[in-house]
Amino acid sequence: MLLRSRRTHLLLRIAAIVVLLLGGALALAATQPRAVRTGAPNVLVISVDTLRADRMSGYGYGRPTTPAADRLMARGARFDQARTVEPLTNPAFSSMVTSLYPHEHGATRNGLRMRPRLGSFTKQLDRRGYMTAAFVANWTLKDRISGLGEHFDHYDEVLTRKRWWGLFAEEARAEDVNEVVFDWLDDHAGRRRPFAAWVHYVEPHAPYRLQDDVADRLGLGGDVDKSDRYDSEVAYADLHVGKLVEYVEKNPALARNTLIVFTSDHGESLGEHDYWGHGRHLYEPGLHIPMVFYWPGRIAPRQISTPASNLDLGPTILGLLGVEPPQEFRGYDWSGVLLGRASPPKDRTTWFQAHKGAVLNPQEARSARRDGLLELARVQGNTKEIVQVNRREHYLFDLRRDPRELRNLNGTAYQPSDDLSAWLSSVLTALENEDDAPGVDLSGEDVEKLKALGYID
């Protein structure tokens, strides 16, 4: 009887150890990336700062500013009515990564970090075994300022030289960014895991320098104005976009199995509506951006005229890779349309917001989100509606007949639609909630850089 008891006790101990070991193995497995299916494609997102679509030759501009991007458009799917959810760098890219509106992710202004522990398309890919990386050349996108680094395994701030006549705003020229990216891709070449990489060039952000490398091709010489210099910076960035795409296409493994997405954070007003710059208004020069998906053998060349948003980029990438986008994502998954399995949605409404430029001190941050809202807008079909919040002004435009937005169909009346009024109410309510909003961690150097970039209210 004693022997049987000891034997039973021993078996129970062994069973307990097995359970513990099995539980530990399962817990460890849960923390590891899921195995990636064989042949999973790489993802390369290329973005050019401050690039308005109508200054690209592929979108109909008269100068040959963007031959490299034009080749992607010709071979892939081009969105003709893509717009940024907000014409400021950090809010726009935070929305691109998380597929949330700025008032939801919290980074409504440059200098304000997004809320921590949010979902993103890169986190979704990381869980499935992808290596995720970002290479950014804009001071505004520093992880300490933006909070974007949380969403990538490797977050490289390429800030290698002073771009503002050698005085301010350490950034990087496009060739500097490519040099770092090429080194990373070379290091990745021997690994079996696919990658999802985001590469961001800061040109043609102000101060629009004349780029001699491309001036002759654009017919620029002698006296040039700010608009000419902007065009030269667009062409310069495109030159190095072309070199990055060429690097990919010269590698057979990358060329046949890499999804390339080309876009921008926002456009730029070049004097339209008596305004130079971006961020304060929701007119088309600041909102209209390029958006192109190129995937050899999978996405057929086509143009899509239905309104789209940079909120759509993450859900669409996931959808193309066979990953169900999270329910909290606000963007639309275009993968069915791009793969020829569905028709574009009808009567889609897209929403936009504009906030003040930069938050320059921690004291201001306490009310920066609540007090920073300037404008809200909606686009449905050819109709665009804008509300200027503080001045209580309301604009209604027919974009087909009045693409320059010069004739307000609403006259001087303040009569926002029910939909836009409800949107305004929901945004203001969310901006009042500061409980879980992260603070501001800006050094004196950060403040000087943000000022030099023009983000001064």
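Pairing residues of segment 261-290 that are closer than 17 Å to residue 384 by Cβ with residues that are among the charged types (D, E, K, R) and in a strand (DSSP E or B), at Cβ distances under 6 Å and at least 6 apart in sequence or on separate chains, gives 282/375; 287/83; 288/83. Just to be sure before I move on: is residue 356 open to solvent by 40 Å² or more (accessible area, probe 1.4 Å), within 18 Å of residue 286 (Cβ to Cβ) and of a type in the set (Lys, Arg) in the structure I sent? So residue 356 fits the description; yes. Counting the residues of segment 44-93 that are of a type in the set (A, V, I, L, M) and without any contact (Cβ under 8 Å) to a residue 60 or more places away in the chain gives 0. Within segment 375-421, if we keep just the residues that are under 17 Å from residue 285 (Cβ atoms) and in contact with a Lys or Arg (Cβ under 6 Å, 6 or more places away or on another chain), the residue that is most open to solvent (accessible area, probe 1.4 Å) turns out to be 399.
Screening residue 303 with (1) open to solvent by 10 Å² or more (accessible area, probe 1.4 Å); (2) over 24 Å from residue 44 (Cα atoms) gives one miss only, at (2). For first residues located in segment 159-187 and at pLDDT below 90, partners that are in a helix (DSSP H, G or I) and surrounded by 13 or more Cβ atoms within 10 Å (Cβ to Cβ) and lie 6+ apart or on another chain with Cβ distances below 6 Å form the pairs 160/176; 164/452; 168/452; 169/139; 169/449; 169/452. Taking segment 144-156 as the range and being open to solvent by 10 Å² or more (accessible area, probe 1.4 Å) and at pLDDT 95 or above as the test, the residues that pass are 149, 150, 152, 153, 154, 155, 156. Does residue 177 fit the bill of being assigned to a helix (DSSP H, G or I), open to solvent by less than 60 Å² (accessible area, probe 1.4 Å) and either touching a His at 6+ places or on another chain (Cβ under 8 Å) or of a type in the set (D, E, K, R) (or both)? Yes, satisfied.
Annotation note: of 368, 300, 308, 342, the sole residue that is touching a residue at least 24 places away in the same chain (Cβ under 8 Å), more than 18 Å from the chain's Cα centre (by Cα) and closer than 27 Å to residue 196 by Cβ is 300.
When segment 68-112 is limited to residues that are over 30 Å from residue 428 (Cα atoms) and assigned to a loop (DSSP other than H, G, I, E, B), the one that is most open to solvent (accessible area, probe 1.4 Å) turns out to be 80.
Exactly one residue out of 132, 65, 122 is part of a loop (DSSP other than H, G, I, E, B), closer than 30 Å to residue 300 by Cα and open to solvent by less than 10 Å² (accessible area, probe 1.4 Å), and it is 65. For segment 306-327, the set of residues classified as charged (D, E, K, R) and exposed (fewer than 12 other Cβ atoms within 10 Å of the Cβ) consists of 324 only. Within the option set 341, 330, being surrounded by fewer than 21 Cβ atoms within 10 Å (Cβ to Cβ), touching a Ser or Thr at 6+ places or on another chain (Cβ under 7 Å) and not in a strand (DSSP E or B) holds for one residue only, 330.
The values are calculated or read from the model by the stated rules, or taken from the named source; none is laboratory data. Note that this is a predicted model, so its numbers are computed, not measured. Virtual Cβ from ideal backbone geometry, glycine too; neighbours counted across all protein chains shown. Surface areas here come from the heavy atoms of the whole protein model, side chains and all, with no ligands, DNA or RNA. Shrake-Rupley method; radii C 1.70, N 1.55, O 1.52, S 1.80 Å.
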